[in-house]
Structure formats: structure tokens, C-alpha cells
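A quick write-up on the structure given underneath.
Readers should treat all values here as calculations from the given coordinates under stated rules, not as data from a laboratory. Keep in mind that what you see is a predicted model, and the values were worked out from it rather than measured. Virtual Cβ from ideal backbone geometry, glycine too; neighbours counted across all protein chains shown.
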Amino acid sequence: MAYSESLAKRMRQALASLPDVAEKKMFGGLAFMVNGKMCLTVGPGRIMCRIDPGMQDALVAREGCSTVVMKGRVYRGYIHVSEAGLQNKAALGYWIRLALEYNKVLSGTGRPKKRPY
């Protein structure tokens with residue numbers, strides 16, 4: 001198993017009410033495409049969120065969060081959140097909401113919001 005089945009199940013449940021969600025295996029995990037754009041992924045013991053790059057520094061300062069680095073390349077706007085920080089519905093929901101807000105911007109259906117975090 002390359003990704004956490006329990007996290008994938010929770011992610012599916014959280015995204016079930018959205019009209020344009022597709023799952024795709026990539027990056028050794030399971031990606032959730034929203035409005036045709038990669039929004040979230042589930043991997044082994046963590047999720048990856050595509051977020052507003054302007055929020056990157058504040059978010060990675062939180063415990064259990066880190067910037068995505070693949071093959072030595074730093075990906076601003078992508079963060080990993082460890083499963084330890086996703087133990088309840090509210091915690092997972094927080095990260096999903098951030099990713100969905102940025103997905104709206106990328107899809108042309110929303111504007112970035114100024115957030116105090």
C-alpha cells in the first residue's frame with residue numbers, strides 16, 4: 001500500500017459533495033483532482049495540499065507541516081501535513097478548505113482571501 005487507505009477514505013468522504021472530483025494515482029499516492037486541477041493528495045502517513053504560495057511560510061511553521069521537495073526541487077504552494085496532525089474531522093477539514101479555496105482561484109471561480117494565519 002503506497003498511501004494511507006484510512007486517509008484516502010476520509011478524504012473521499014470530505015469531498016463527496018463536490019461536483020467535479022476525480023481520483024488519480026500519482027506521486028506514489030492518490031491525487032484528488034478538483035475542477036481538473038490537482039488539489040490534494042494522500043500518501044503514506046500524510047496528505048499534500050496545494051495552497052496559496054503566499055501562505056506557505058506561515059503554514060509550514062505549524063507542527064507536522066513541511067514544504068514539498070521532490071528530487072531536490074522545492075515546490076512553493078505545496079505542503080505536506082503529517083497524519084498525526086489530522087486526527088479529527090476539524091483538523092483534516094482545515095487543510096481541505098485551504099486547498100479548495102486556492103483551487104477556486106486556479107479554476108477562475110474565486111479570489112484569494114487575506115487570512116491572518
Practice problem: Would you mind calculating the gained length between V105 and T67 on full extension (0.36 nm times residue separation, minus the Cα-Cα distance), in nm to one decimal? | Solution: 11.6 nm
Quiz item: If you project the alpha carbons of the chain onto the principal axes, what extent comes out on each, in Å, largest first?
Solution: 37, 32, 30
Self-check item: FRET E, pair K9, R97, Förster distance 25 Å, beta-carbon r, rounded to 0.05
Solution: 0.85
Quiz item: Separation between the K89 and V74 pseudo-spin-labels, each 7 Å from Cα along Cα→Cβ, expressed in nm?
Solution: 3.8 nm
Quiz prompt | Sites A58 and L18, calculated FRET efficiency, Cβ-Cβ separation with R0 22 Å, nearest 0.05 | solution = 0.25
